[in-house]
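J.: This is the structure I want to talk about, given as structure tokens.
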Amino acid sequence: MNRILLLLLLLLPGTAPAAIILIVGDSLSAAYGIQVEQGWVSLLQERLDAGDYPYQIVNASISGDTTANARARLPQALASHEPAVVLLELGGNDGLRGLSLTAMKGNLAAMISSLQQTGAQLLLIGVQLPPNYGPRYTDRFQAVYRELAREHDVALLPSLVDGIGTEQNLMQSDGIHPNATAQPLIRDRVWEELLPLLEQAGRSQPAPPG
């Protein structure tokens, strides 16, 4: 379904508006270093449109964002968009800057609690740090996501870039951000975890009037 047709359908009586999928992330979700339409978020919207899924993605990802930054701006994003589904992909900049993992976990936990109070379906997406940060820090960093998923009973994609960051042909020259070739792989990875949440969100959506 193309966007013009979707907009026309939304104007018809008895047609429910598209529900919102809100993505709150950092540069990995903001198409850093590539064209926006090449990024996995845009590719995910294309898949939703092709499958006639009644969802519109709002990408609230900001390159360079830490969990503290995102926590501060989350209430406004929730009030503005009232999402049915939220993808939370954060922590990479905390890790790259060597910030406190306790603070990072606390920020993510606060965001998860806020999201759960809205009734939105939530997918927590982890990231990985380059190996030069050392196994002690990187292992503890990765464990934060597993602990949050278990403690708050939320769906988890353990790593957005697992198996990608070590492949030079899939990475930009900075060695941190996946290139355009990697984006469909990331889209597919997210899609596999997102689909069950869309089904749950669909069951909780009110039926269209009349």
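Readers should treat all values here as calculations from the given coordinates under stated rules, not as data from a laboratory. For clarity, every value in this text was computed on a predicted model and none was experimentally measured. Using ideal geometry, Cβ is built from the backbone for each residue, glycine included, and neighbour counts are taken over all protein chains shown.
J.: Using the Cα centre of segment 115-210 as the reference point, and only Cβ charges (+1 on K/R, -1 on D/E), how large is the resulting charge dipole? Debye, rounded to the nearest 20.
T.: Values: 7 positive and 11 negative charges, 26 e Å.
Here the size comes out at about 120 debye.
J.: Assuming a ≥ b ≥ c are the square roots of the Cα gyration tensor eigenvalues, decide whether segment 134-208 counts as rounded (a/c under 1.5), prolate (otherwise, with a/b larger than b/c) or oblate.
T.: Values: a/c = 4.03, a/b = 1.44, b/c = 2.81.
Cα axes put segment 134-208 in the oblate bin.
J.: Using a Gaussian network model on the chain with a 10 Å cutoff between Cα atoms, which of Asn69, Asn179, Asn132 fluctuates the most?
T.: Sorting by GNM fluctuation, first place goes to Asn132.
J.: Ok, one more. Pick the calculated Rg and Dmax of the Cα atoms in Å for this structure from (i) 17.6, 54; (ii) 21.4, 79; (iii) 17.3, 60?
T.: Computed from the coordinates, Rg and Dmax of the Cα atoms in Å corresponds to (iii).
J.: log10 I(q)/I(0), Debye, Cα-only segment 160-202, no solvent, q = 0.20, 0.27, 0.30, 0.35 Å⁻¹?
T.: Debye intensities relative to I(0), on a log10 scale: -0.61, -0.85, -0.98, -1.18.
J.: If you take every DSSP beta bridge whose two residues both sit in the chain, what share of them, in percent to the nearest 5, is antiparallel?
T.: In the chain, DSSP labels about 5 percent of beta bridges as antiparallel.
J.: Which of the DSSP-defined H helices in the chain satisfy a minimum axial length of 24 Å, computed from C-alpha atoms, and a minimum mean Kyte-Doolittle hydropathy of -0.5?
T.: Helices passing the filter in the chain: 101-118, 183-204.
J.: Non-local amide H neighbours of His177 (under 5 Å, H modeled in plane, Pro and chain starts lacking H): which ones?
T.: Result for His177 returns Gln172.
J.: Can you give the calculated 222 nm mean residue ellipticity of the chain, where each DSSP H run of n ≥ 4 adds -39,500 (n - 2.57) and the sum is split over every residue, rounded to the nearest 500 deg cm²/dmol?
T.: Taken over the chain, the calculation gives -15000 deg cm²/dmol.
J.: Hey, in the GNM for the chain with a 10 angstrom Cα cutoff, which one of Leu96, Leu129, Leu88 fluctuates hardest?
T.: Highest fluctuation of the listed residues: Leu96.
J.: Can you compute the charge dipole magnitude of the chain about its Cα centre, using +1 on each Lys and Arg Cβ and -1 on each Asp and Glu Cβ, nothing else charged? Give it in debye, rounded to the nearest 20.
T.: The calculated dipole for the chain is roughly 400 debye.
J.: Please label the shape of segment 24-108 as rounded, prolate or oblate, based on the square roots a ≥ b ≥ c of the eigenvalues of the alpha-carbon gyration tensor (a/c under 1.5 means rounded; beyond that, a/b larger than b/c means prolate, else oblate).
T.: It comes out oblate by the Cα gyration axes.
J.: Putting +1 on Lys and Arg Cβ atoms and -1 on Asp and Glu Cβ atoms, find which of Val86, Gly202, Ala50 reaches farthest to the positive end of the dipole of the chain.
T.: It is Val86.
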